[in-house]
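Each remark here refers to the structure printed beneath this line.
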Amino acid sequence: MLNTGFIIPGFKEENMSKVNLQINTGRRHDSGFSFSQDKSMAQVAEAIRSMPANVTDFRCPTCGNIYASLAELRFHCKKAHTDSVLPETVILLINGMNCEVLIEPHWTLKRALQFRLGLTGAKHMCDRGVCGSCTVIMDGRAVLACTTLVSECEGKCITTIEGIAADPKWKPLVDAYCRWDAMQCGYCTPGFLVSAKAILDKNPHPTEQEIREGLAGNICICGTYPRHAAAILEAAAKMAKEV
Amino acid sequence: MADLAGINGLRENFKVVGQRNLPGVLSHALATGVAKFGIDYVRPDMLHAKFLHSPYANARVLSVDTTKARSMPGVVDILTWEDEDIVNLVSYAEHWGAPRPWLDNIADQEGAEVAVIVVAESEDICEEALRQLQVEWEMLPHVVDLHEGKKTDAFVIRPQDRSTPAFGAPAPGALPNPPKQGNVAYSNVIQGDIEEGFKQADHIVQYDMYMPAFASLIPNPPGSVAWWSNDFYHGEGKTLHIEGAVRERLPIARMYDMPLEKTVQEGLFMGGRYCDWGLRRSQEITPLLAKRTGRPVRCVMTREETFDSVIMKQRYMYLKVGFTKEGLITAIDDFSVSDGGIWGSSTFGHVGDQKQGPYNTLKCKNISQRMEIVDSNRYKMWVSGQHTPFNWDIVTLALYMISEKLGMDPIEVARLNLHGPSSKDDINPVPSFEACVAAGKTMMDWNWHLSGTKKLPDGRMHGMSFRYQMCPRHSVSGYKCRLEFRDGAVHMPTQGPVFGAYMVEPNAMVAAEELGLTYEDIKVDFHYAAKFSPVGGGSDGSTASAWAMKECANSLKKQILEAAIEYAESWPQMMMTPLNDPPPPEPGPFKGLRPDELDITDGKIYVKADPEKSVPLAQATNRDLVATYSGRPPLAAWLVGGCGNILDTMNAVFCEVAVDTDTGDVEILRFGAVVDPGKALRPTSLESQIDQVMFFSQGSQLLEDFVFDQRTGVKLNSNMIDYKKPTMLDVPVVEHALLETRSGNGAYGASGISHSMANTHLVITAIHNAVGVWVDPPATPDKVLAALGKA
């Protein structure tokens, strides 16, 4: 038993630092970190690659002790924390990869994405299914990760913003969002983009009104609303040419 | 009033500045989800922290028994307000009002953080531990109704804080504000002779209206993650890492007695912190907890807990305006009762701010402004945002009421009452105003009508409104610009984190413009310790910092041209390079020339007299060069002139509504915004910022308000279901026109507009124009019907 462990199972501290550095700040340079489209794409790929496929450290959610198997962990929880819920594992198909995830039964998908898989594109904002900032696509439908229990997601195909960004098919959509400033502070932007992808999945040639209706569940406080329609229409036109 | 000091201020041939649809330097990171905000950080072995929140609107914690909570498995640490580590904490972030302990046992609003912090293995355990605390509360009377709070026999909710408004302080030499009495502080500014002014009036109109509070609602809930390391990269000794402290690395360093260089915040994204720099406790406490536990600690507020802050306080307004039969205002008596919020609220927006405000745009010299600021247990105002600074609503209303009374177009009333460029005695409005209203009339097919006189074909009533503003920008921030030329490319080291206003990009565009490069040629290198930060009053920060960056770019350009000549002159010596190095490039055809005989365009240095003689910038010299410029543009004219009587750039905004008198439904048919930013540096984001404020206007006047239970003082709509923000289906069309009179004081005569777009009562006056009755905002259908006598 260890008294310390890692929130993302399978990560060693030195690896975690490396991933954080790469994902958070881009290239380190004496004078700073420069961002570019290519670097963002590399970070997206790295984020997906870094998702652990298996749980290696079974950490007790109550006391933090780490066990070698789920069975051992559950035995410990039953014995040591009689009032606590029992952890379990689920297999999530995220962005084309099967990932074993250690959860508690009340965990939301949003929580699992951030705290188990290191995916932070789905954002914590309203926390009750109103703002759309945590939108992901599950089995072809846009769903809200903050109000979806992760235990209900097993066996379903989940695509997050990172998965969309990593797919070259959706480059025109990402590029159009950037060209049109369809973001200001950028916090709600991934949720909008996932919803936009869901719209285009169903209808590659939406009208402006259909876009407004499709994005009505996403709230932006920075006033970017008109930009989204412009970006999606431009992307749709470009994607139609590329088909 | 053009104020185009500095190099190339009068430039006409723009290749980069003014371009549309250039992606922001961080846009791809944001759009792809890899941009990490402070609360996104997950560290190995991380703990979580939560504060005790008050269930009462006004209460004191008399005692806390933490025994049961401490015995819970998973609870790592519990601190109370009496612990030495907490007592010793001092915040160096932005604060208002009388000093107060960092955490104490006083809860002055429902939901306030008070008395206890729990650290545990998970947020769930924190919450359960908080439930296990044995807290003895002393409930106190509360004030959520300002009229009750201002009564002389009202319970004094903040006897410890007798401070008077910092922002509302009178001008030097003026009579001081009366001392605070009970819950009421005062902010008064009296100009001229009010009594005499009303004697000169042919008409007097009066107005009495309520203005609701408006939630700032930062999209990313405030919070932080902190940890300590022995990171060799930052030198000997412990390094404090904190993510989520927004731009406030220095206050955090001071708070924990750390050298600034060993206080690290690498994240670049702070979210929509528009004019809200106040650090929440959740952003300040994590370093202490991480130090005590030896583990990373995350403390993040819930969305519900972030409904504690507003950018527009509740206000009751009483306005009396005297004017001649021609429409010239002779006197204004403006009295309002404003929410002082909880302890530590900013007084920004109170009447002492009028040097930047609307009354100084008027010819009228007889103006009385009195405000009673009532302490309350409602919420905290960190600082005023883009929506309603400087009380512009009052002038908008005054002009509208005159126009209704006299049957005059409000634009004509504005023209009559606006003074000219330099003083209240200047008769004619500034050219920028005339340009804005001319463009606006065309844009809106402006055809003024009296209230209740125009019915649309579908049976709804048509209303229209107009307001003008000056562009009250700061221009008081100084900027430390730096550009580096290395390896053939130009780099712009820039401080992070940044918030959502595209302030970095205009600087890169200006640097590119001056250096004859493309926008993409400027490599923006973000680093938390870089000196250059373009923040400073919204787009004012962009335009003023871009002025300084323009100077810096020209300094670098001079060095590059000198270096190119030096390289050409000394090329044979340059050949003496180590054998293993690549051969140096051929020199340019610049031998024997002076720097002023050269220029740069399209990424090439060329001879002005013979443009065919050129060489790519990257090959012109093998030297690394650095240029710096510290400073700011000349102060905006109105700041130099005092009292804001000097005007230059203006803007005009219009609104059209349709009101259904059977259902009470109000539809905004369109907004129109004609804005003079002097010179539009980055039009795409400029228009987006205009949209933002228009949607703020829509929200606050049609949808948004805080609802309190008067008996308990509890907020009833602290969530995004019950507190209504406009969605994409709600917002109307916003038409824009950007004028370029080059009369600001930023780069190329640009001017910030971010503090000039307040539109309070724009929609409300349009509703009045439609139906002839006043409706208190937010004008929900039930209120409209009640005002029409139908409810």
Task: Phi-based couplings in Hz for segment B:151-161 (Karplus 6.51, -1.76, 1.60; Gly and Pro marked x) - done: 4, 5, 9, 5, 4, 7, 7, 9, x, 6, 10
TODO: Write down the Kirkwood hydrodynamic radius of segment B:48-93, to one decimal in angstroms, obtained as one divided by the mean of 1/r over all alpha carbon pairs.
DONE: 12.9 Å
TODO: Two decimals is fine: what is log10 I(q)/I(0) at q = 0.23 Å⁻¹ for segment B:186-225, from a Debye sum with one equal scatterer on every Cα and no solvent?
DONE: -0.99
Open item on the list: On a full-extension model of 0.36 nm per residue, what is the gain between A:Thr89 and A:Ala71, subtracting their alpha-carbon distance, rounded to one decimal in nm?
Closed with: 5.4 nm
TODO: Rounded to the nearest 10 degrees, what's the angle between the helix A:13-25 long axis and the longest principal axis of chain A, both from Cα atoms, 0 to 90?
DONE: 20 degrees
- [ ] Could you work out the mean count of beta carbons from other protein chains within 10 Å of each residue's beta carbon in A:187-194?
- [x] 5
TODO: In debye, nearest 20, what is the charge dipole magnitude of chain A about its Cα centre with +1 on Lys and Arg Cβ and -1 on Asp and Glu Cβ, if you could check?
DONE: 160 debye
- [ ] Between the alpha-carbon centers of segment A:57-86 and segment B:179-225, tell me the distance in whole angstrom.
- [x] 58 Å
Open item on the list: For B:Glu566, B:Glu196, which order do you get if you count the other beta carbons within 10 Å of each Cβ and list the fewest first?
Closed with: B:Glu196, B:Glu566
- [ ] State the Kirkwood hydrodynamic radius of segment A:94-243 in Å, one decimal place, computed from all pairs of distinct Cα atoms.
- [x] 15.4 Å
- [ ] State log₁₀ I(q)/I(0) for the protein assembly as shown at q = 0.05, 0.06, 0.09 Å⁻¹ as given by the Debye formula over alpha-carbon point scatterers of equal weight, solvent excluded.
- [x] -0.32, -0.47, -1.07
Open item on the list: Below 8 Å, C-alpha to C-alpha, sequence gap of six or more: please give me the relative contact order for segment A:13-163 in percent.
Closed with: 20 percent
Task: segment B:134-231 - Debye-derived log10 I(q)/I(0), Cα point model, q = 0.10, 0.15 Å⁻¹ - done: -0.60, -1.04
Open item on the list: Give the average over all directions of the projected area of the C-alpha convex hull of segment B:640-737, one decimal, in nm².
Closed with: 10.7 nm²
TODO: Within 10 Å of each Cβ in peptide B:727-734, how many partner chain Cβ atoms are there on average? Round it to a whole number, please.
DONE: 6
Task: Relative contact order (%) - chain B, alpha-carbon pairs under 8 angstrom, separation at least six - done: 16 percent
Task: Dipole of chain B, positive direction: furthest Cα of B:Thr518, B:Ser614, B:Asn717, with charges on the beta-carbon - done: B:Ser614
Task: Only Lys, Arg (+1) and Asp, Glu (-1) charged, at Cβ; segment B:283-381 dipole about Cα centre in debye - done: 320 debye
- [ ] Indicate the helices, whole DSSP H runs only, in chain B that combine a mean Kyte-Doolittle hydropathy of 0.5 or more with a Cα extent along their long axis of 15 angstrom or more.
- [x] B:392-406, B:431-444
Open item on the list: Can you compute the FRET efficiency between B:Lys365 and B:Lys151 using 1/(1 + (r/R0)^6), with r the Cβ-Cβ distance and R0 = 41 Å? Round to the nearest 0.05.
Closed with: 0.75
Task: Nearest-0.05 FRET efficiency for B:Asn717 and B:Asn447, computed from C-beta distance (R0 30 Å) - done: 0.15
- [ ] Evaluate the charge dipole of chain B about its Cα centre and quote only its size in Debye, nearest 20, assuming +1 on the Cβ of each Lys and Arg and -1 on the Cβ of each Asp and Glu.
- [x] 740 debye
Task: Kirkwood hydrodynamic radius of chain B, Cα pairs, Å - done: 28.6 Å
- [ ] Measure off 7 Å from each Cα along the Cα-to-Cβ vector at B:Glu586 and B:Gln160, then give the distance between these two points in nanometres to one decimal.
- [x] 7.8 nm
Task: 10 Å-binned pair-distance histogram of segment A:13-163 (Cα, whole percent) - done: 11, 35, 33, 17, 4, 0
Open item on the list: Just want to confirm a number: the relative contact order over segment B:127-253, from Cα pairs under 8 angstrom separated by 6+ residues, in percent.
Closed with: 13 percent
Task: Cα-based helix-to-principal-axis angle, A:189-202 vs chain A, degrees rounded to 10 - done: 70 degrees
Task: C-alpha center-to-center spacing [segment B:482-510, segment B:76-107] in angstrom - done: 38 Å
Open item on the list: Report the Cα-based extents of segment B:1-156 along its three principal axes, largest first, to the nearest Å.
Closed with: 72, 54, 29
Open item on the list: Per residue of segment B:136-143, what does 6.51 cos²θ - 1.76 cosθ + 1.60 with θ = phi - 60° give for ³J(HN,Hα)? Whole Hz please, x for Gly and Pro, Karplus curve as stated.
Closed with: 9, 9, 10, 6, 10, x, 10, 10
- [ ] Could you let me know the centre-to-centre spacing of segment B:316-332 and segment B:582-633, using Cα atoms, in angstrom?
- [x] 62 Å
Task: Cα-Cα separations in segment A:167-242 greater than 20 Å, expressed as whole percent - done: 18 percent
Open item on the list: Among B:666-674, B:264-272, A:138-146, how do they line up by average Cβ neighbours within 10 Å per residue, starting with the highest?
Closed with: B:264-272, B:666-674, A:138-146
Open item on the list: Suppose only helical runs count, i.e. DSSP H with n ≥ 4. What mean residue ellipticity at 222 nm does that imply for the protein assembly as shown under -39500 (n - 2.57) per run, divided by all residues and rounded to the nearest 500 deg cm²/dmol?
Closed with: -7500 deg cm²/dmol
Task: Residue exposure sequence - B:Ser309, B:Ser630, B:Ser697 - by fewest surrounding Cβ within 10 Å - done: B:Ser630, B:Ser309, B:Ser697
- [ ] Pick out, from A:His124, A:His76, A:Ile48, the residue whose Cα sits farthest towards the positive end of the charge dipole of segment A:13-163, with +1 on the Cβ of Lys and Arg and -1 on the Cβ of Asp and Glu.
- [x] A:His124
TODO: Would you mind giving the three semi-axes, in whole Å and largest first, of the ellipsoid equivalent to segment A:124-174 according to its Cα gyration tensor?
DONE: 21, 15, 7
- [ ] Specify which residue in the list B:Ser423, B:Asn651, B:Met211 is farthest towards the positive end of the charge dipole of chain B, using unit charges on the beta carbon of Lys, Arg (+1) and Asp, Glu (-1), about the Cα centre.
- [x] B:Ser423
Task: Subset of B:Lys199/B:Lys365; A:Lys241/B:Lys523; B:Lys424/B:Lys679 violating a 24 Å alpha-carbon distance limit - done: A:Lys241/B:Lys523; B:Lys424/B:Lys679
Open item on the list: Can you give the FRET efficiency to the nearest 0.05 for B:Val87 and B:Leu635, using r as the Cβ-Cβ distance and R₀ = 45 Å?
Closed with: 0.55
Open item on the list: Can you tell me what share of the DSSP beta bridges in segment A:13-163 is antiparallel? A percent to the nearest 5 is fine.
Closed with: 90 percent
Task: GNM flexibility winner over chain A from A:Pro204, A:Pro168, A:Pro190 (Cα, springs under 10 Å) - done: A:Pro168
- [ ] Would you mind computing, in nm to one decimal, how far apart the modelled labels at A:His205 and B:Arg415 are, each placed 7 Å from Cα along Cα→Cβ?
- [x] 4.9 nm
- [ ] Partner chain Cβ atoms within 10 Å, averaged over the residues of A:124-133 - can you pull that number for me?
- [x] 6
Open item on the list: With N set to the number of residues, divide the alpha-carbon radius of gyration of segment B:454-518 by 2.2 N^0.38 Å and report two decimals.
Closed with: 2.08
TODO: Arrange B:Thr306, A:Thr120, B:Thr442, B:Thr518 by Cβ neighbour counts within 10 Å, fewest through most, would you?
DONE: B:Thr442, B:Thr518, B:Thr306, A:Thr120
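Values in this text are rule-based calculations from the coordinates and carry no lab data. Small disclaimer: the values here were computed from a predicted structure and weren't measured. Glycine gets a Cβ as well: all are built from the backbone with ideal geometry, and neighbour counts include every protein chain shown.
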